[in-house]
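For reference, the structure discussed in these notes is given below.
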Amino acid sequence: MAVDKLLKDEASEEKGERARMASFIGAMAIADLVKTTLGPKGMDKILQSTGRGRQVTVTNDGATILKSLHIDNPAAKVLVDISKVQDDEVGDGTTSVVVLAGELLREAEKLVASKIHPMTIIAGYRMAAECARNALLQKVVDNKADLEKFKSDLMKIAMTTLSSKILSQDKEHFAQLAVDAVMRLKGSTNLESIQIIKKPGGSLKDSFLDEGFILDKKIGIGQPKRIENAKILVANTAMDTDKVKIYGARVRVDSMARVAEIEGAEKDKMREKVKKIIGHGINCFVNRQLIYNFPEELFADAGILAIEHADFDGIERLALVTGGEIASTFDNPESVKLGHCKLIEEIMIGEDKLIHFSGVGMGQACTIVLRGASHHVLDEAERSLHDALCVLSQTVNDSRVLLGGGWPEMIMSKEVDELARKTPGKKSHAIEAFSRALQAIPTIIADNAGLDSADLIAQLRAEHHKEGCNAGIDVISGSVGDMAELGISEAFKVKQAVLLSATEAAEMILRVDEIITCAPRRREDRM
């Protein structure tokens, strides 16, 4: 007896060939979407939200573009996920990983059409990925022992990362900023202590690195504008007058004198609290919440600098940087850890006043101040700089470096091709397809620069058959160039993450032979 219907009314299922087609097409469409942002001559995308305020983002960061899309196709979601993970893990290569996964699926589609089983293709891809990784491992350079060389490696990596972003015009300047900031971290990958402040005005060239911490606040009236050897109490506590804070409470009084008594009691309570805070022996008080006029007066009388409403990110970082802890009760001063810094003063950036903490306890801390024409430019500059900082902090830990500009892909492609010739059976077709997919990345870099990609890739392939070749695509002159001379380098960790994530994602999508869409849940009639 045949089962007529298994699934609910509005549920749908696609099987076999159709399911595979749907997932291939979705994944390739996503790859084609971000393809044009790849490489130094990649273009930007404008993302416009339909929400309130119609926010506009201009970016060419693969992860940012894909994060902002609402996608229906399940296979496309897998690619969006790998680009997110790539962004969190190493910071750069978010576009490459999606493009490579898309190309692997494009090749797989041709193989499936010529009757090769998906599992055979997966087995071939696995062998090819392993071979490609080993090819890279043989070519890596590690200069960690020689500090000068290592620093120049970091500069090259930063410049290569920034050359495909909005900061490409001033990439030397920003690469220097990023390298200085990361070298201060002394091998930690925690980017919390690098603060980025965006101030519209000036040009991108005016951006600078400041040693110390800058808080985006003004100093209150009648308070000291400069404090040396500061002892800082970072707090998150209510410093507005303690009103009767019971919801809907009423107090009935029989004369105005009684009202004055209540107000007096409130003031006394506040005075007590301020006394306790001053009792910590501090000369700077930073609070997350408001500080009303009365406590502010008391602080000013005691010669203490009181800063109110410091944003949460700001005070968390300030506590981290000055070596203090965020306090909310002040009864036992001995258990509260105060922050210290050598000098607090007010500085001007553009037209805004900010508070500058210098000589902070944590020597790793620094602030990068970005200047630029508009908020959109600044947001994109921050994303680009964040990518560079992530890659550099990862490279400081794993100091293996490769050349860039399509060179690693050609190296991998050549090794994988040789493996395909040695492998018997149908797997060899899959391995060969993998090699073609790897070549797609330099092809796209050349296409985006408006160059003749077929001619360039053929030249590159011929060059790579010579021993010890450093050839890659030099987008600026539009020909094949020597990557070592041009100083185009990439971090091994980024390339490895791109290769492995893309292969695994392609593998996952290839395994699909059925897509089942659930019926939407209905509200039951509650009668």
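Below are the figures for this structure:
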quantity: Helices (runs of 4 or more DSSP H) wholly inside the range 1-96 containing at least 3 residues that are charged (D, E, K, R) and farther than 28 Å from K110 by Cα; calculated: 74-89
quantity: Index of the failed condition, D180 passing every other in (1) open to solvent by 60 Å² or more (accessible area, probe 1.4 Å); (2) of a type in the set (D, E, K, R); (3) touching a strand residue (DSSP E or B) at 6+ places or on another chain (Cβ under 9 Å); calculated: (1)
quantity: Helices (runs of 4 or more DSSP H) enclosed by the range 438-527 - at least 1 residues per element that are among the aromatic types (F, W, Y); calculated: 492-510
quantity: Residue among G53, G62, G93 that alone is of a type in the set (G, A, S), free of Cβ contacts under 8 Å to residues at least 60 places away in the same chain and crowded, with 23+ Cβ neighbours inside 10 Å; calculated: G62
quantity: Of all residues in the range 63-98 being closer than 16 Å to M28 by Cα and of a type in the set (D, E), the one that is modelled with the lowest pLDDT; calculated: D72
quantity: Count of the range 408-443 residues which are more than 22 Å from I122 (Cα to Cα) and open to solvent by less than 10 Å² (accessible area, probe 1.4 Å); calculated: 2
quantity: Residue within the range 144-156 that is in contact (Cβ under 8 Å) with a residue 24 or more places away in the chain, assigned to a helix (DSSP H, G or I), touching a strand residue (DSSP E or B) at 6+ places or on another chain (Cβ under 7 Å) and not assigned by the TED database to the domain that holds K493 present; calculated: yes
quantity: Of residues in the range 183-203 being touching a strand residue (DSSP E or B) at 6+ places or on another chain (Cβ under 7 Å), crowded, with 16+ Cβ neighbours inside 10 Å and modelled with pLDDT under 85, the one farthest from M43 (Cα to Cα); calculated: R184
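Here's the yes/no breakdown for (1) surrounded by 16 or more Cβ atoms within 10 Å (Cβ to Cβ); (2) out of contact with any Pro (no Cβ under 9 Å at 6 or more places or on another chain); (3) among the hydroxyl-bearing types (S, T, Y); (4) part of a loop (DSSP other than H, G, I, E, B):
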{"site": "I277", "(1), (2), (3), (4)": "yes, no, no, no"}
{"site": "P295", "(1), (2), (3), (4)": "yes, yes, no, no"}
{"site": "E316", "(1), (2), (3), (4)": "yes, yes, no, no"}
{"site": "A319", "(1), (2), (3), (4)": "yes, yes, no, no"}
{"site": "L343", "(1), (2), (3), (4)": "no, yes, no, no"}
{"site": "K353", "(1), (2), (3), (4)": "no, yes, no, no"}
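The values are calculated or read from the model by the stated rules, or taken from the named source; none is laboratory data. Everything numeric in this text was worked out from a predicted model, so none of it was measured. Cβ atoms come from the backbone with ideal geometry, glycine included; neighbour counts cover every protein chain shown. Areas reflect the complete protein model, heavy atoms only, side chains present, ligands, DNA and RNA absent. Shrake-Rupley method; radii C 1.70, N 1.55, O 1.52, S 1.80 Å.
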